[in-house]
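The values are calculated or read from the model by the stated rules, or taken from the named source; none is laboratory data. Since we're looking at a predicted model, the values are computed, not measured. Glycine also receives a Cβ, built like all others from the backbone with ideal geometry; neighbour counts cover every protein chain displayed.
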Amino acid sequence: MGEKKEYLTKEKFNELSAELDHLRKTKRKEVAEELEYAKSMGDLSENAEYHEAREAQASVEERISKLENILKNATIMEHHHTEAVGIGSSVKVEKGGDGKIYAFEMVGSEEVDVTQGKLSIHSPLGQAMLGKKKGETFSFVSPKGAMKYKIVDLE
């Protein structure tokens with residue numbers, strides 16, 4: 001499976017690195033201790049604590065693997081002024097039809113937070129915006145049908 005490049009801000013990179021460090025150094029040890037305790041309780045076939053500890057162990061290892069992969073393929077993005085929409089751009093768009101203005105910061109998939117205006121470059125709207133310049137109009141098909149937008153500001 002091809003590794004996909006992850007775009008992260010420096011803050012998100014540091015946050016994920018700290019989480020990975022905690023999982024490796026602290027959480028792994030805690031889960032191993034829970035597993036040992038559960039094993040000491042006897043019959044493993046009907047030992048709910050043992051099965052819960054095994055599930056917790058699998059969950060921790062899965063998260064560690066995912067974080068290692070993300071960080072290994074991370075590209076640190078900087079907020080920058082450009083002539084065309086790209087990763088790290090701040091964009092204001094006007095939705096055709098209702099004239100409402102929406103502001104977005106273009107981010108990688110690990111930092112998406114629509115409530116804070118952080119839009120993935122991999123989303124349908126994000127993909128449609130990539131490479132567009134101030135004043136350009138564009139459209140894309142969403143689950144609600146064809147949507148039209150205009151880039152009104154770009155930083």
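A few points about this structure:
- The one condition in (1) modelled with pLDDT of 90 or more; (2) exposed (fewer than 13 other Cβ atoms within 10 Å of the Cβ); (3) under 14 Å from the mean Cα position of the chain (by Cα) that Ile101 fails to fulfil: (3)
- Within the stretch 4-43, restricting attention to residues that are of a type in the set (D, E, K, R) and in contact with a Ser or Thr (Cβ under 8 Å, 6 or more places away or on another chain), the residue that is surrounded by the fewest Cβ atoms within 10 Å (Cβ to Cβ) is Lys5.
- Subset of the stretch 122-137 [under 17 Å from Lys95 (Cβ atoms) and not aliphatic (A, V, I, L, M)]: Ser123, Pro124, Gly126, Gln127, Lys132, Lys134, Gly135, Glu136, Thr137
- For the stretch 31-60, the tally of residues that are touching a residue at least 12 places away in the same chain (Cβ under 8 Å) and closer than 30 Å to Ser109 by Cα stands at 5.
A quick yes/no check of all residues on (1) surrounded by fewer than 17 Cβ atoms within 10 Å (Cβ to Cβ); (2) not small (Gly, Ala, Ser):
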residue: Ala58; (1), (2): yes, no
residue: Lys66; (1), (2): yes, yes
residue: Ala84; (1), (2): yes, no
residue: Lys132; (1), (2): no, yes
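- Condition met for Gly42 (assigned by TED's automatic domain parsing to the domain that holds Ala146, out of contact with any helix residue (DSSP H, G or I) (no Cβ under 6 Å at 6 or more places or on another chain) and in a loop (DSSP other than H, G, I, E, B)): no
- Going through (1) farther than 24 Å from Thr9 by Cβ; (2) in contact (Cβ under 8 Å) with a residue 12 or more places away in the chain one by one, Asp153 falls short only on (1).
- Filter result for Ile70 (modelled with pLDDT under 95, surrounded by 14 or more Cβ atoms within 10 Å (Cβ to Cβ) and assigned to a loop (DSSP other than H, G, I, E, B)): no
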